[in-house]
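Here, each number is a calculation from the coordinates, and none is a lab measurement. Nothing here was measured: the structure is a model prediction, and the numbers come from that model. Here the Cβ is made from the backbone with ideal geometry for all residues, glycine too, and neighbour counts use every protein chain on show.
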Amino acid sequence: MGLEARESASCIIELDEQFNLDSYQIIITTLSSWGIRLYAGVNGGGVIHLLKHLAPLDRTDTGMPSLLTIGEYTAGFIPLGYYLASGRIAASVATTGAATKLICCGLSDAKLHDIPAVYIVPVSNGSTAGFSPLQDTTEHGSNILMQLRAELPESVFVLDSRATLNEQLSLAKEQLDRSKPVVLVLDNEGLSISQTDSDLLPTVPNARIRENHCQETFLTTFRRETEGKRVVLFVGEEMARYPHAADLTTRLSEVLQAAVIWSINGANAVSRNNPYGYGYISFGGNDRAVSLYHSLGEQDVLLVIGACPDEYTVNFRRISAAATFHLSNIPQAYGLVDNSLQHVVDGRYYRVNAPLDSLLQTLADAATQLPFVNIPAETAPPDLNDQSFARARGAYADMAALYQHLDRWWPKGSIGIDDTCLAYKDRQYVTQRPNNHIRFFSLYRGSAMGGAFGVAIGAKLADPGRQVFLFTGDGCFRLFSGSLGEVSHLGLVVFLLNNETFGIVEQGLRKVLPDIGTAYYHSRLGAVDYCAIARANNWDGIRLTTDLSNLDEILRRVEAGPVKSLLIEVPVDPNQVLGKNPRLKNL
């Protein structure tokens with residue numbers, strides 16, 4: 001299945017305009033023509049001539065390219081949140097050496113979640129090779145180009161000449177159009193060399209993304225394979241990028257009477273009201289969804305809708321359905337081998353490339369006009385779990401009660417981000433179904449502690465009027481707390497789960513190493529006054545009471561729209577185990 005060839009927008013600056021600009025103005029102007037207005041990072045040696053063309057980011061959106069000055073680790077994640085919240089691309093900037101390494105944590109998650117983002121880094125001047133330049137990036141030092149290309153073999157573009165600037169930028173745009181992050185490497189020595197206008201090359205033609213197209217073949221094959229079989233829809237995060245995704249998956253599941261399971265981020269493409277919704281799968285997953293996936297066999301057809309069978313989703317379990325149909329429109333997406341999921345499928349495998357919204361609409365229309373003869377699924381039970389939630393000890397807040405209370409409260413149109421802490425395992429287990437008022441995202445494939453803070457900032461900057469909530473842990477907090485001051489005015493709301501441990505580690509090792517003393521888990525953290533740190537950075541800070549008696553008061557304050565960013569410290573029992581972690585079996 002496919003679609004007509006899709007043209008990438010040609011957005012390179014005309015030659016007569018370029019001749020009056022320096023190389024850095026050409027870069028900024030070209031990226032602006034792609035819609036890139038937001039940059040985040042820290043200024044310094046290798047990028048000063050680029051960043052002098054950016055205005056400082058203030059509270060007023062002028063539409064001009066601007067820079068949020070913020071620590072590089074956090075800055076590397078800001079384009080991810082910006083894209084997830086708005087579908088628009090942003091950039092992260094770092095200077096030479098160690099700063100480049102810091103933003104690359106965000107770069108890794110952009111790759112692992114197929115998020116288009118721009119990372120701009122400089123390299124040491126070629127003439128300094130062998131002279132031990134500061135923060136040496138040549139082959140004698142960090143050899144950074146080889147490092148970057150090892151992770152992104154087709155997405156690192158060296159800008160080392162005005163003569164080839166258009167060509168390199170055009171190639172980078174093609175990769176962004178394919179949902180890939182790109183690195184623009186500034187060779188300042190090469191860019192500073194003057195050239196005449198005759199040396200400037202015209203833009204290379206943008207690549208056309210072509211996909212095989214045979215709608216009738218897909219429908220015929222799907223109808224044949226599903227005859228007399230149970231159909232299960234497996235919804236992933238790619239589907240969540242489409243408008244009205246939840247309506248489409250609901251309609252398709254209803255006309256097929258097919259059970260629906262979803263990944264952590266795929267939940268954003270599923271309606272809470274879907275009668276066939278069986279829950280989140282695997283890490284923090286619901287028992288009904290996990291049992292359904294494990295039961296797949298020769299009498300089942302699995303329809304994978306933009307999902308990746310990563311470890312936190314299927315835990316290395318192969319797809320054992322009689323037939324698997326894989327719908328996707330991201331070429332060479334993460335998790336694919338040779339652009340396919342065949343390597344994890346035991347039965348017959350069909351890959352279909354096309355925009356997912358049109359595919360689901362086509363399939364639902366076909367099933368409406370001529371019903372399929374698959375075996376109908378039972379509607380999902382109200383409770384998707386097998387057991388009651390564990391209770392917290394008296395000195396701590398009950399996290400199950402907190403998640404349930406918030407699940408009844410979330411403001412419409414808000415966004416939530418889960419950091420690499422207990423929240424990205426427990427929240428979905430407790431709430432069981434997506435909330436139609438809030439979209440939650442987790443960059444769990446890279447699992448970079450503290451990175452979610454940058455994601456939350458990016459989501460907030462994409463739409464400052466929208467409420468953005470971050471769940472983070474006391475361990476995660478230590479990686480981003482130095483950047484609190486730069487975003488005190490944004491009105492972020494951070495729930496900080498304080499259990500004085502690396503909670504995922506401690507809960508896991510209690511099962512993996514039950515005979516080892518807890519001191520050897522190396523998971524304890526010192527007690528810190530997090531509210532005091534927040535206030536010292538011009539945030540507001542409030543401690544949630546253990547009985548949640550001040551929760552409604554806090555939420556009323558949030559509803560009014562906090563002028564300052566707000567940190568809510570939550571005392572958490574490290575022994576309250578809620579969501580399941582099947583990965584422990586691998587350890």
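Points worth noting:
- Spacing of the two label points (7 Å from each Cα toward its C-beta) at ASN575 and ILE516, in nm: 2.1 nm
- The 3J(HN,Hα) values that the Karplus relation (6.51, -1.76, 1.60; θ = phi - 60°) gives for segment 233-238 are, in residue order, 9, 10, 9, x, 6, 4 Hz. Gly and Pro appear as x.
- 37 °C / 0.692 mPa s Stokes-Einstein diffusion coefficient of segment 215-369, Kirkwood radius on C-alpha pairs, µm²/s: 217 µm²/s
- Under a 5 Å amide H cut-off, with hydrogens placed 1.01 Å from N, PHE469 pairs with ILE415, GLY416, ILE417 among residues at least 5 apart or on other chains.
- One chain, two ends: GLU189 and GLN387. Fully extended at 0.36 nm per residue, the span grows by 64.9 nm beyond their Cα-Cα distance.
- Peptides 513-521, 469-477, 388-396, 75-83 ranked from most to least packed, by the mean per-residue count of other Cβ atoms within 10 Å: 75-83, 469-477, 388-396, 513-521.
- Neighbourhood net charge (14 Å Cβ-Cβ; Lys/Arg +1, Asp/Glu -1) for GLY45: -3
- Each of (1) 37; (2) 24; (3) 13 is a candidate for percent of Cα pairs over 49 Å apart; the one calculated from this structure is (3).
- Charge tally in the Cβ shell below 10 Å around LEU152, where Lys, Arg are +1 and Asp, Glu are -1, LEU152 excluded: +1
- Environment charge at CYS476 (Cβ cut-off 11 Å; Lys +1, Arg +1, Asp -1, Glu -1): -2
- Nitroxide proxy distance, nm - points 7 Å out along Cα→Cβ at VAL505 and ALA395: 2.1 nm
- 16 Å cut-off, amide nitrogen to a point 7 angstrom out along ASP58 Cα→Cβ, residues in segment 456-496: 489-490
- Mean residue ellipticity, 222 nm, helices only, the chain: the sum of -39500 (n - 2.57) across DSSP H runs of n ≥ 4, divided by residue count and rounded to 500, is -9000 deg cm²/dmol.
- Extended-chain gain in nm, criterion 0.36 nm per residue less alpha-carbon gap, GLN299 and ASN43: 86.3 nm
- Summarising the label geometry, the points placed 7 Å from Cα in the beta-carbon direction at THR546 and ASP529 lie 2.1 nm from one another.
- Nearest-0.05 FRET efficiency for PHE131 and HIS437, computed from C-beta distance (R0 60 Å): 0.55
- Given their separation in residues at 0.36 nm each and the Cα-Cα distance between them, ARG478 and GLU378 gain 31.4 nm when the chain is fully extended.
- Furthest towards positive pole of dipole, ALA400, GLY491, VAL345, structure part the chain, Cβ charges: ALA400
- For the peptides 143-156, 22-35, the ranking by packing is 22-35, 143-156, with the highest mean count of neighbouring Cβ atoms within 10 Å listed first.
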